[in-house]
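Peer 1: For reference, the structure I am asking about is given below.
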Amino acid sequence: LKRKQRTMKYGDIWQVVIGSFPGWENLGQGHETECDIRRLDNTAIVEIKNKHNTCNSGSKKDVERKLTNYKINNPDTDCIWGIINEKKGARDHKKEYSVNGLSIIKWQGGDFLKYALTYKGVDYKEIVIKIIKRVMYN
């Protein structure tokens, strides 16, 4: 139970980490967009999930609803479903697809983290992961 409770918080932790990274903002609970994080320049908004299997069909539709609602009023913004821990053996780390004619990007694993944790051309992904592991397991 303790392990399960800890893993359920991973998505929240990543929301705070990426949302605190330069160029991003943590939208927190209850934000009008219903999403988790957004680039300060509004080039991307993200709904974060910890694992590929966190979403059943109902929550998948909810993620897509949040992102497409944002896309309607912000057509130039990348609307991203960011998955921290990808499915083992996954070949598609980044997949763009359409929901009701609106583009959503499903981006997972290290490729997504590299995108989110690169600042001024420097990839901080490995450094951030090391820090999070140290904090989470000590």
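The values are calculated or read from the model by the stated rules, or taken from the named source; none is laboratory data. In this text the structure is predicted, and so the values were computed from the model without any measurement. Using ideal geometry, Cβ is built from the backbone for each residue, glycine included, and neighbour counts are taken over all protein chains shown. These accessible areas exclude ligands, DNA and RNA; they are computed on the full protein's heavy atoms, side chains included. Shrake-Rupley method; radii C 1.70, N 1.55, O 1.52, S 1.80 Å.
Peer 1: Please enumerate the residues belonging to the stretch 93-105 that are closer than 18 Å to I48 by Cβ and not in a strand (DSSP E or B).
Peer 2: Matches in the stretch 93-105: H93 only.
Peer 1: Residues of the stretch 80-138 being modelled with pLDDT of 95 or more and among the hydroxyl-bearing types (S, T, Y), which ones?
Peer 2: Result: Y97, S98, S103, Y115, T118, Y119, Y124.
Peer 1: Moving to a separate point now. Can you tell me which residue in the stretch 111-128 is nearest to I72 (Cα to Cα), limited to those that are surrounded by 16 or more Cβ atoms within 10 Å (Cβ to Cβ) and touching a helix residue (DSSP H, G or I) at 6+ places or on another chain (Cβ under 7 Å)?
Peer 2: The qualifying residue nearest to I72 (Cα to Cα) is A116.
Peer 1: Out of K114, K71, K66, report the one residue that is farther than 24 Å from K9 by Cβ, assigned to a helix (DSSP H, G or I) and among the basic types (K, R).
Peer 2: Of K114, K71, K66, the one residue that is farther than 24 Å from K9 by Cβ, assigned to a helix (DSSP H, G or I) and among the basic types (K, R) is K71.
Peer 1: Failed condition for K88, given (1) part of a loop (DSSP other than H, G, I, E, B); (2) in contact (Cβ under 8 Å) with a residue 12 or more places away in the chain, with all others met?
Peer 2: Every condition holds for K88 apart from (2).
Peer 1: Can you name every residue in the stretch 71-103 that is in contact with a strand residue (DSSP E or B) (Cβ under 8 Å, 6 or more places away or on another chain) and within 19 Å of W24 (Cα to Cα)?
Peer 2: Residues satisfying the conditions are K71, N74, T77, D78, C79, I80, W81, G82, I83, I84.
Peer 1: Same structure, new question: Note down all Cβ pairs under 7 Å where the first residue falls in the stretch 1-17 and is farther than 12 Å from I84 by Cα and modelled with pLDDT of 65 or more, the second is open to solvent by 50 Å² or more (accessible area, probe 1.4 Å) and not small (G, A, S), and they're at least six residues apart or on different chains.
Peer 2: Within 7 Å, the pairs are V16/N26.
Peer 1: Separate question: Can you name the residue in the stretch 32-51 that is touching a helix residue (DSSP H, G or I) at 6+ places or on another chain (Cβ under 9 Å) and open to solvent by 50 Å² or more (accessible area, probe 1.4 Å) and, of all such residues, is nearest to L113 (Cα to Cα)?
Peer 2: The extreme case among them is K51.
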